[in-house]
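Report on the following structure.
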Amino acid sequence: MQACFCLHKRFLIRFGIGRTPEALGKVINMLKILYEDEQILVVWKPAGTESQESRGFGRDMVSEIRKHIHSQFPEKGIPYVGVIHRLDKPVSGLLVYAKTQKAAAALSKQTVERRMKKKYLAVLCGKPVDNVDNFVDYLLKRGRENRSCIVDKGITGAKRAELSFRILESQVLEPYGELSLAEITLQTGRHHQIRVQMAGHGLPLWGDQKYNTASSYGWNLPATSAGDSVHLSAASAENGIHLPASNAGLALSAWHLAFTHPVTGKQMVFEKLPEEGIFQRFGYCINIEVQAFQ
């Protein structure tokens, strides 16, 4: 399949499956760098890697970036690496890190004000009734269990969660049933929001071992009790979907990232299509109308 990518005059970078043009990015010590200057660094986080410093012995992005910067300027000591936003460990995708405190402050402000834009690609188990839809729920985080669940609005600690999605492609994959590739945009940022809301509406993510475990039994489970983290709809149960192998990766990736450069003020947009796992089953090329930045 031919990759779909282009370089826009004002930092729009689009990558396609299986091809990463050397002119648009570089790989250093397994660190996939899409863009770098004196203030910021945009990278691709692989699934299974922590976004921030790991407390254990696992690989994390901050340590990899720090090693990369230190190799360029060893005389400057331990480099500063500012974490601006995060992705869950099993999620792949684009992240921007700050190389100075000034850049970190400016980018963090954009995040708080929701001016930093992110879009996700996910493979859903099932197919929604509408190809374009919006979900609004209330989520409660269970800190000790590292889970969230959909609850009633009046529950103490519940927070409003909203997302929108559009279905790009659907196909039947035996013996798992119908799968759908969706582009998802968050209007709020809650713990495990995409995973919880899509599962709660009967569209759990492929390979989600936390919120899609019921389907490992072919959906033939007793009804979940009120307040459980996964609420399976009758429509999804009738699809006959089965969970993929336990080692299947979570099919969720942050493929689009847009923000304003903290120093130059230029609008920067980065896009990279995920290549791993079930994403390879979808012969997609997402065409987005791009307007020239003034």
Please arrange HIS192, HIS261 by counting, for each residue, the other beta carbons lying within 10 Å of its beta carbon, fewest first. HIS261, HIS192
Taking 0.36 nm per residue of separation between PHE73 and LYS89 and subtracting their Cα-Cα distance, the length gained on full extension comes to 2.9 nm
Over the residues of segment 121-168, compute the C-alpha Rg and express it relative to 2.2 N^0.38 Å. 1.39
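Kindly put VAL123, VAL172, VAL151 in sequence by how many other C-beta atoms sit within 10 Å of each C-beta, fewest to most. Intermediate results must be reported in sequence, preceding the final value.
On the way: VAL123 26, VAL172 10, VAL151 18.
The order, fewest Cβ neighbours first, is VAL172, VAL151, VAL123.
Could you line up GLU174, GLU271 from fewest to most neighbouring Cβ atoms inside 10 Å?
On the way: GLU174 6, GLU271 22.
By the 10 Å Cβ count, ascending: GLU174, GLU271.
Would you kindly state how much longer the chain becomes between GLU169 and GLU38 on full extension, computed as 0.36 nm times their sequence separation minus their alpha carbon distance, in nm to one decimal? Provide the component values of the computation, followed by the final result.
Numbers: separation 131, 0.36 × 131 = 47.16 nm, distance 3.96 nm.
Separation in residues times 0.36 nm, less the Cα-Cα distance, equals 43.2 nm.
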Across the alpha-carbon set of segment 89-209, Rg over Rh with Rh taken as the Kirkwood radius works out to 1.01
At 7 Å along Cα-to-Cβ for each site, give me the label-to-label distance between ASP133 and GLN280 in nm. 3.0 nm
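Since every read-out is calculated from the coordinates, none of them should be taken as a lab result. Since the model is a prediction, treat every value here as computed from it, not as a measurement. In this analysis, Cβ positions are derived from the backbone assuming ideal geometry, glycine residues included, and neighbour counts consider all displayed protein chains.
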